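Participant: Quick one: structure below, then a few questions.
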Amino acid sequence: AIPTTSMSVKVGANNPNNPLEGQTYSVSSVIVNEGYNDQTLLNDIALLKLATPINTVNAKPIKLITSNDVAVGAMDPGVMVTVTGWGLIHVNPDTLPRNLQKVQLPVITNAQASTVWVSIPSSDVMAGFLNGNKDACNGDSGGPLAVSVVDGYKIAGIVSWGSANCNTYGAYTRVSLFEDWIRTNTGIVKEYFPPAPTGDSIICKGVVSSQYSVTTQTGATAYEWKINPANAGVVSGNTSNAAVIWNTGFTGSATLLLRVTINTVVSEWSRLNLKVVLNTRLLNKSGDTIICANQPIILKIGAEGNNLTYKWFKNGTLVQSGPSSQLSFSSATIDNSGAYTCQVIGSCGTVFSTAINLTVYPLTKVISVSPDTEVPFGGDITLKVNAQGHDLIYEWKKDSVAIDNSNTSGLFLQNLNAAGIGLYKVTITGTCGTDISRNIYVYVKKENFSGNPEVFLWPSVTISEFNVALSNDALYNVNIYNSRGQLIKELSNCRYQISINVSTTARGTYIVEVFNSSFRKSLKFVKQ
């Protein structure tokens, strides 16, 4: 809508309104990007062609940012860029500056900017502060966003749109997306990139120097080498070969740069990314460990170096290899016991750890016990328990009463009589817990008994209690009658051997009837 006759470009002025500053050039034509959308501001870029070439003492052309610059991070989020212009320096009341202004802003992601703006054109790069007092403003539109590269600034953005208050993220047309379009429509030739230098890209700390080279470039009259950052070292060489003398205190990333001059034209910088890394070294390791089975355990190696691989061995056999410095067992077993070593392999050497001894004790557990047993009066028997565990201690009990001197896996009972009848079990305590066996019913059988089952009562004369026992594991009932035939006590669902308290019962003779659906037997006791 604006005719070219109304357009001009002023060059070399700090204050464009001062007629004594700079030089003015007429615009002969305008090329608007074919994809420009005046509603969304997508592809917001145009080219102005001047009627005559610029020939102003303090003006030199700025280079275009290239895809190579972008690839090496020139416009990554967080990079600081510089915006210049004569737009408002104050809003409400609007205030314009007299002289050229500049502001430094960080590049941000479109995702971050979307917390403020609902819609962001894909052709834009966003920059600025969320709630800052620094921003491009009204009157800056079309102005440059420049980014610092190896040897100066390149144009990377064009002021497009932003907040009316100029206090938050702003949008800039991303020039790198239009590099080919600009070159096609202007004839600006793509700068020559020499091949990247060859040589070691990983350098072990302590190396004094490294050699680099590039294929000899036809027509080259000069080779310029540079290293960034400057504190990484010093480059010596002005041919297709160079050496880097390293600063022995430096570690981290560096870039070796090369440009050549061919027919007085200086090329772009080619680059080789370098990294000075630590030598492989062990720092620490897990100590010898003793745990109980089923517990988690992590063996660890602390090491420094670059691109480390950890090879874990158990008793000399490889069990794990990869980038993890840890060997984990979510639920350790006794089979995991052993001597573990770790081989650490890095870009700058290999080291071996000393052994980490892991001992996994089994949980204390009863495996089996003797079955219920009958033994004749005066006979002997050994009750046995088979258990697993570490440092086991045994305690046998009869009818829940501890038996003296019973700390063995086998309980020897000799010359048994009625007092030996009862329920036996063993408590086993070890390093990794306690377990209790099931009950073993021992019944001492009369030699001349041939019935089934045998019922036994003892003692037959008592002042406080007596015992009743059955030779098998059937449930039974007990009724007690006095000499007049009156029922004075009854017990139901008895099993094995029971004790009956009669301390409050009157003196006299009593009948004890033991029975269930299969048998019935009467016995007698005397209460004194």
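Participant: Given labels modelled 7 Å from the Cα in the Cβ direction, how far is it in nm from residue 98 to residue 4?
Facilitator: That separation, rounded to one decimal, is 3.6 nm.
Participant: I've got another one for you. Can you pull the percent of region 346-492's accessible area that's carbon plus sulfur, 1.4 Å probe, other chains left in place?
Facilitator: Working: 3500 of 7510 Å².
In region 346-492, the share of accessible area belonging to carbon and sulfur is 47 percent.
Participant: On a full-extension model of 0.36 nm per residue, what is the gain between residue 438 and residue 263, subtracting their alpha-carbon distance, rounded to one decimal in nm? All intermediate terms of the calculation are to be shown ahead of the outcome.
Facilitator: Numbers: separation 175, 0.36 × 175 = 63.00 nm, distance 9.93 nm.
Full extension of this stretch gives 53.1 nm more.
Participant: Now a separate question. Pull the list of the chain cysteines that no other Cys approaches to under 4.7 Å, Cβ to Cβ.
Facilitator: 342, 494
Participant: Accessible area per residue of the chain at 1.4 Å probe, in Å²? Intermediate values should be presented prior to the final figure.
Facilitator: On the way: 28180 Å² over 528 residues.
So the chain comes to 53 Å² accessible per residue, rounded to a whole number.
Participant: With unit charges on the beta carbons (Lys and Arg positive, Asp and Glu negative) and the dipole taken about the Cα centre of the chain, which residue among 202, 236, 388 sits farthest to the positive side?
Facilitator: With unit charges placed on the Cβ atoms, the residue in question is 388.
Participant: State log₁₀ I(q)/I(0) for region 120-237 at q = 0.09, 0.10, 0.23 Å⁻¹ as given by the Debye formula over alpha-carbon point scatterers of equal weight, solvent excluded.
Facilitator: Here the Debye-derived log intensity ratios amount to -0.46, -0.56, -1.31.
Participant: On to the next question. So for region 239-325, averaging the separation of alpha carbon pairs under 8 Å that are six or more residues apart and normalising by length, what relative contact order in percent results?
Facilitator: On the way: 99 pairs, mean separation 17.2, N = 87.
20 percent.
Participant: Where in region 284-313 does the label zone of residue 355 land, with the point 7 angstrom along Cα→C-beta and an amide N cut-off under 11 Å?
Facilitator: Backbone N within reach: none found.
Participant: So, by mean Cβ neighbours within 10 angstrom, what's the order for 518-528, 303-313 with the highest one leading?
Facilitator: Working: 518-528: 13.7, 303-313: 17.9.
The densest-packed peptide leads the list: 303-313, 518-528.
Participant: Below 8 Å between Cα atoms, with a sequence gap of 6+, how large is the relative contact order for the chain in percent? Please report the intermediate quantities before stating the final value.
Facilitator: Working: 1227 pairs, mean separation 34.1, N = 528.
Relative contact order for the chain comes out at 6 percent.
Participant: Same structure again: With r as the distance between the Cβ atoms of residue 294 and residue 517 and R0 = 56 Å, compute the FRET efficiency 1/(1 + (r/R0)^6) and round to 0.05. Could the numbers behind the result be given before it?
Facilitator: Numbers: r = 46 Å, r/R0 = 0.83.
Taking R0 as 56 Å, the efficiency between residue 517 and residue 294 is 0.75.
Participant: State the extension gain, in nm to one decimal, for the chain segment bounded by residue 482 and residue 311, taking 0.36 nm per residue of separation less the distance between their alpha-carbons. Please report the intermediate quantities before stating the final value.
Facilitator: Working: separation 171, 0.36 × 171 = 61.56 nm, distance 8.35 nm.
Full-extension gain reported as 53.2 nm.
Participant: For the chain, give the magnitude of the charge dipole about the Cα centre (Cβ charges: +1 Lys/Arg, -1 Asp/Glu; no others), in debye to the nearest 20.
Facilitator: Working: 37 positive and 34 negative charges, 216 e Å.
The dipole magnitude comes to about 1040 debye.
Participant: Placing unit charges on C-beta atoms (Lys and Arg positive, Asp and Glu negative, everything else neutral), compute the dipole magnitude of region 130-282 about its Cα centre in debye, rounded to 20.
Facilitator: Dipole about the Cα centre, nearest 20: 400 debye.
Participant: With r defined as the distance between the Cβ atoms of residue 56 and residue 251 and R0 fixed at 35 Å, what FRET efficiency is calculated, to the nearest 0.05? Each step should come with its number before you reach the end.
Facilitator: Working: r = 47 Å, r/R0 = 1.33.
E(calc), rounded to 0.05, equals 0.15.
Participant: Using the Cα centre of the chain as origin and beta-carbon charges of +1 (Lys, Arg) and -1 (Asp, Glu), tell me which of 410, 75, 498 is placed farthest towards the positive end of the dipole.
Facilitator: Final value for the positive-end residue is 498.
Participant: Roll a 1.4 Å probe over the protein heavy atoms and report the accessible area of residue 465 in Å², nearest 10.
Facilitator: 80 Å²
Participant: Out of these labelled values of volume of the Cα convex hull per residue in Å³, [x] 289; [y] 148; [z] 331, which was calculated from the coordinates shown here?
Facilitator: The value computed from this structure is option [z].
Participant: Within region 346-374, find all residues whose amide N lies under 16 Å from a label point positioned 7 Å from the Cα of residue 335 along Cα-to-beta-carbon.
Facilitator: Only 360-363 fall inside the zone, counting backbone N under 16 Å.
Participant: According to a simple spin-label model (label point 7 Å from Cα along Cα-to-Cβ), what is the distance in nm between residue 377 and residue 76?
Facilitator: Inter-label distance under the simple model: 9.7 nm.
Participant: Under a Cβ-only charge scheme (Lys and Arg +1, Asp and Glu -1), can you give me the dipole magnitude of region 283-402 about the Cα centre, in debye to the nearest 20? Numbers along the way, then the final one.
Facilitator: Working: 8 positive and 9 negative charges, 107 e Å.
Result for region 283-402 is approximately 520 debye, rounded to the nearest 20.
Participant: While we're looking at this one, here's another question. Tally Lys/Arg at +1 and Asp/Glu at -1 over every other residue whose Cβ is under 14 Å from the Cβ of residue 225; what's the total?
Facilitator: Neighbour charge sum, excluding residue 225 itself: +1.
Participant: Sticking with this one: Along the Cα→Cβ direction, 7 angstrom out, place labels at residue 343 and residue 165. What is the inter-label distance in nm?
Facilitator: About 6.5 nm, to one decimal.
Participant: Same structure, new question: Taking residue 190 as the anchor, which lysines have their alpha carbon closer than 25 Å to its alpha carbon, excluding any fewer than eight residues away along the same chain?
Facilitator: 49, 60, 63, 154, 226
Participant: At a 10 angstrom cut-off on C-beta neighbours, averaged per residue, how do the peptides 247-254, 466-473 rank from highest to lowest? The partial results should precede the final answer.
Facilitator: Values: 247-254: 13.8, 466-473: 19.5.
So the peptides 247-254, 466-473, ranked by packing, come out 466-473, 247-254.
Participant: State the answer as a single residue: which of 253, 370, 332 lies farthest towards the positive end of the charge dipole of the chain, with beta carbon charges of +1 for Lys and Arg and -1 for Asp and Glu, about the Cα centre.
Facilitator: 370
Participant: Nearest 5 percent is fine: what portion of the DSSP beta bridges confined to region 367-460 is antiparallel?
Facilitator: Values: 21 of 25 bridges.
Among the beta bridges of region 367-460, antiparallel pairing accounts for roughly 85 percent.
Participant: Right, another one. Ignoring ligands, DNA and RNA, please state the percent of accessible area on region 146-220 from carbon and sulfur, probe 1.4 Å. Kindly include the intermediate steps, with their values, before the conclusion.
Facilitator: On the way: 1860 of 3500 Å².
That fraction is 53 percent.
Participant: Taking θ as phi - 60°, what are the ³J(HN,Hα) couplings along region 315-320 by the Karplus curve (6.51, -1.76, 1.60), each to the nearest whole Hz, with x for Gly and Pro?
Facilitator: So the Karplus estimates, Gly and Pro as x, are 6, x, 9, 5, 10, 7 Hz.
Participant: With θ set to phi - 60° and the Karplus curve 6.51 cos²θ - 1.76 cosθ + 1.60, what are the ³J(HN,Hα) couplings of region 251-266 in order, to the nearest whole Hz, using x for Gly and Pro?
Facilitator: 9, x, 8, 9, 10, 8, 10, 9, 9, 10, 10, 10, 6, 6, 9, 8
The values are calculated or read from the model by the stated rules, or taken from the named source; none is laboratory data. Nothing here was measured: the structure is a model prediction, and the numbers come from that model. Every residue, glycine as well, gets a Cβ built from its backbone with ideal geometry; the counts of neighbours run over all protein chains shown. Ligands, DNA and RNA are excluded from the accessible area calculation, which covers all protein heavy atoms including side chains. Shrake-Rupley method; radii C 1.70, N 1.55, O 1.52, S 1.80 Å.
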